[in-house]
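*Asks:* I have a structure I would like to understand better, so I am pasting it below and will then ask my questions one at a time.
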Amino acid sequence: MNKRGIIWSIVLGGFALAAVLVIAFIHVDSRTTTNEYCMSCHSHEEADRLWKQSPHHMNESGVVTDCAACHLPPKEDGLGRYYMTKLRMGAKDIWAKMVKNPEEIDWASKRQQDYAQKIVYNSSCLKCHQDLYPEGIEDDGVAAHLYYEENAEKLHLSCVSCHLNVGHYMPGYTHKKLQGTVDTGPGEVYEAPATVEQFESFTETVPGTNASIRMVAVPGGEFLLGSPENEPLRRPDEGPQKRVRISRFFMAETEITWRQFWSFYNETMSEGRTPPSVIYAANSREKVDAVSGPTPPFGFPDQGWGMGDRPAITMTHYAAQTFCQWLSLKTGKTYRLPTEAEWEYAARGGTSTPYFFEGSPRHYAPSGLKSLFGKADTTMIARYVIYEGNSPARTLEPSQVKPNPFGLKNMLGNVMEYCEDYYAPDAYEHIQDGALDPKGPAEGSEYVIRGGCYADRAGEVRCAARRHTLHEEWLRTDPQNPKSIWWYSDIKGIGFRIVCEVPETIE
């Protein structure tokens with residue numbers, strides 16, 4: 001064969017090889033994006049079953065939306081992004097298939113919005129749903145989609161923020177505005193509030209409802225507010241430590257539950273508003289004659305986790321204050337949120353260690369090289385705290401944990417709890433040693449929250465750990481104008497517990 005023939009043979013062979021490679025690549029690409037291929041790694045029958053019950057599979061049109069249509073970005077966004085995402089997610093799935101036991105995977109956490117936003121692409125949603133204003137859409141839907149169009153890039157809004165159930169069916173899930181009252185379950189409807197004649201724990205009964213609240217008598221005493229400088233995982237705003245005195249008070253055994261909060265909602269729900277200035281002033285000094293309760297939330301704010309005796313979540317600080325005002329009016333007692341000093345005193349239960357039980361934060365939350373040498377023994381903390389180490393990425397009922405020395409449950413973990421005080425990073429610097437019932441700053445823009453939640457690591461659920469509200473950020477995806485003063489759209493692990501002041505008639 002002459003030189004020209006050799007060159008042509010090489011060229012034609014190259015073209016043939018390229019064609020074979022392209023055909024093979026197309027074939028592999030096609031085969032590895034089928035639903036069957038996806039499910040070969042995702043050995044979770046529940047996911048497959050719930051997908052087949054979702055609007056993406058079972059709908060009037062008969063069109064089935066495949067796994068890859070949601071969990072990969074469109075090729076129109078760029079082939080590089082598409083294939084890199086596919087390679088990354090595929091490698092992750094294959095690794096999980098090879099080394100993980102499906103029964104040990106926390107599937108519940110992968111149903112949460114925070115995780116869904118990482119594996120579902122807005123551009124994929126919009127590729128199919130080009131018309132965001134179909135015939136029959138309700139006014140609230142129009143408002144929400146307008147808000148999305150105007151703020152999607154700036155606020156990084158995600159379609160699954162509202163439509164979490166469309167890919168995999170979630171029983172009871174809805175993002176429409178709640179209609180009517182909410183069932184608080186069976187139980188005696190009380191005619192009168194509890195009578196308190198001495199300083200001992202009692203059960204408050206709310207007249208006209210079936211709500212009762214167990215109130216624990218917390219004796220007065222003295223303690224060191226804040227954490228010592230050598231406490232592991234300590235933050236600067238936890239000091240300087242100050243020795244303060246706390247008067248006796250009653251505190252709810254657990255966070256306010258859905259059963260209790262819905263009783264308040266059912267009796268007071270209104271489109272009207274009692275101005276926050278009136279509620280806050282009344283909770284500080286005088287009572288008001290009546291309160292307007294929450295406007296309806298969008299969907300069920302329990303996130304589908306369950307109601308009943310689980311802690312009520314996602315309400316604002318103002319809503320919690322209004323609940324206290326309502327309860328005060330119903331019972332004739334003075335209910336309010338705890339001050340930050342009262343909260344920490346109650347959480348410690350007479351102890352001065354990072355937790356009210358044995359153990360170091362560094363032991364329960366190892367980092368660096370220590371984290372490579374196996375898991376820590378978390379038996380002790382798991383008895384008392386619902387946190388990242390033992391929660392199914394959601395709240396649990398108080399019966400899951402043991403009480404602290406004062407008889408209070410969930411002071412640490414489960415949900416973060418509002419305090420009455422404004423937050424300031426240097427608040428303790430302005431407290432005098434020996435102060436009686438110290439309070440926070442006279443003014444501010446955010447409020448103290450304490451205790452940590454189900455999603456927090458061990459270091460964030462210490463008795464002295466401080467955080468604060470993020471009001472604007474927690475309303476980021478709320479499409480209403482003005483935004484809700486009752487319900488947060490972008491925080492789940494927040495709730496509250498209440499205190500009752502001791503009547504002057506009790507010795």
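Just so it is clear, none of the values below were taken in a lab; they were calculated from the coordinates. Model, not experiment: these values are computed from the prediction. Cβ sites come from the backbone with ideal geometry, for glycine too, and all protein chains shown count toward neighbours.
*Asks:* Assuming 1.002 mPa s and 20 °C, estimate D for the stretch 324-478 with Stokes-Einstein, Rh taken as the Kirkwood radius over Cα pairs, in µm²/s.
*Replies:* 126 µm²/s
*Asks:* Moving to a separate point now. List, in order, the whole-Hz ³J(HN,Hα) value for each residue of the stretch 401-418 obtained from phi through the Karplus relation with A = 6.51, B = -1.76, C = 1.60 and θ = phi - 60°; use x for Gly and Pro.
*Replies:* Per-residue couplings from phi come out as 10, 8, x, 7, x, 8, x, 9, 9, 6, 4, 10, x, 6, 9, 5, 10, 5 Hz.
*Asks:* A follow-up question, please. Which three semi-axes in whole Å describe the equivalent ellipsoid of the stretch 390-446, each the square root of 5 times a Cα gyration tensor eigenvalue, listed largest first?
*Replies:* 30, 16, 9
*Asks:* Output the Kirkwood hydrodynamic radius of the stretch 1-137, Cα pairs only, in Å rounded to one decimal.
*Replies:* 18.2 Å
*Asks:* Per residue of the chain, what 222 nm ellipticity follows from adding -39500 (n - 2.57) for every DSSP H run with n ≥ 4, rounded to the nearest 500?
*Replies:* Computed ellipticity for the chain at 222 nm equals -9500 deg cm²/dmol.
*Asks:* Relative contact order of the stretch 121-265, please, whole-number percent, based on alpha carbon pairs below 8 angstrom and at least 6 residues apart.
*Replies:* About 17 percent, as a whole number.
*Asks:* Also, I was wondering about something else. Lone cysteines in the chain, defined as no other cysteine's Cβ under 4.7 Å from theirs: which are they?
*Replies:* Those would be Cys41, Cys70, Cys128, Cys162, Cys324, Cys419, Cys453, Cys463, Cys500, since no other cysteine Cβ in the chain comes under 4.7 Å of theirs.
*Asks:* So how strong a dipole does the chain carry about its Cα centre when Lys and Arg Cβ are +1 and Asp and Glu Cβ are -1, to the nearest 20 debye?
*Replies:* 2080 debye
*Asks:* While we're on this one: Quickly rank 410-418, 357-365 as a protection proxy: mean count of other C-beta atoms within 10 Å, highest first.
*Replies:* The peptides rank, most packed first, as 410-418, 357-365.
*Asks:* With an 8 Å cut-off on Cα pairs and a minimum separation of 6 or more residues, tell me the relative contact order of the stretch 188-325 in percent.
*Replies:* 19 percent.
*Asks:* Quote the charge dipole size of the stretch 54-208 about the Cα centre in Debye, to the nearest 20; the model charges only the Cβ of Lys and Arg (+1) and of Asp and Glu (-1).
*Replies:* Approximately 1320 debye in magnitude.
*Asks:* What residues have an amide H closer than 5 Å to that of Gly495, excluding those fewer than 5 places away on the same chain, when H is modeled at 1.01 Å from N in the peptide plane?
*Replies:* Under 5 Å from the amide H of Gly495 lie the amide H atoms of Met416, Glu417, Tyr418, each far enough along the sequence or on another chain.
*Asks:* Also, quick follow-up: HN-Hα J couplings of the stretch 232-242 from phi, Karplus 6.51/-1.76/1.60, θ = phi - 60°, integer Hz, Gly and Pro as x?
*Replies:* With the stated coefficients, the stretch 232-242 comes to x, 6, 5, 10, x, 6, 8, x, x, 5, 9 Hz.
*Asks:* Lys/Arg Cβ at +1, Asp/Glu Cβ at -1, dipole of the stretch 364-469 taken about the Cα centre: which of Met380, Asn414, Gly451 is farthest positive-ward?
*Replies:* Met380
*Asks:* Quickly work out the Ser201-to-Val22 label distance, labels modelled 7 Å from Cα along the C-beta direction, and quote it in nm with one decimal.
*Replies:* 7.6 nm
*Asks:* Longer than 22 Å from Cα to Cα, which of Lys127/Lys177; Lys52/Lys110; Lys75/Lys100; Lys52/Lys100; Lys118/Lys492; Lys118/Lys177 are they? Say none if no pair is.
*Replies:* Lys127/Lys177; Lys75/Lys100; Lys52/Lys100; Lys118/Lys177, as the Cα separations exceed 22 Å there.
*Asks:* Relative contact order of the chain: what whole-number percent is it, with Cα pairs under 8 angstrom and at least 6 residues apart?
*Replies:* Across the chain, relative contact order equals 16 percent.
*Asks:* How large is ³J(HN,Hα) for each residue in the stretch 199-212, as worked out from phi by the Karplus curve 6.51 cos²θ - 1.76 cosθ + 1.60 (θ = phi - 60°), to whole Hz, x for Gly and Pro?
*Replies:* 7, 8, 4, 8, 10, 6, 10, 8, x, x, 9, 9, 8, 10
*Asks:* Quick one: which residues, 5+ away or cross-chain, put their amide H under 5 Å from the amide H of Gly293? H built at 1.01 Å from N.
*Replies:* Close amide H contacts, sequence-distant or interchain: Met269, Ser270.
*Asks:* When ranked by the protection proxy of mean other Cβ atoms within 10 Å per residue, highest first, what sequence do the peptides 396-409, 290-303, 94-107 form?
*Replies:* Output ranking for 396-409, 290-303, 94-107: 290-303, 396-409, 94-107.
*Asks:* Rounded to a whole number of µm²/s, how large is the Stokes-Einstein D of the chain at 37 °C and 0.692 mPa s, given Rh as the Kirkwood radius over C-alpha pairs?
*Replies:* Once the numbers are plugged in, D ends up at 127 µm²/s.
*Asks:* Quick one: dipole size for the stretch 423-477, taken about the Cα centre, charges +1 on Lys/Arg Cβ and -1 on Asp/Glu Cβ, in debye to the nearest 20.
*Replies:* 280 debye
*Asks:* Could you order the peptides 241-247, 147-153 from most to least packed, using the average number of other C-beta atoms within 10 Å per residue?
*Replies:* 241-247, 147-153
*Asks:* Put +1 on the Cβ of each Lys and Arg and -1 on the Cβ of each Asp and Glu in the chain; which of Tyr173, Gly440, Ala19 then has its Cα farthest toward the positive end of the dipole?
*Replies:* It is Ala19, whose Cα lies furthest towards the positive end.
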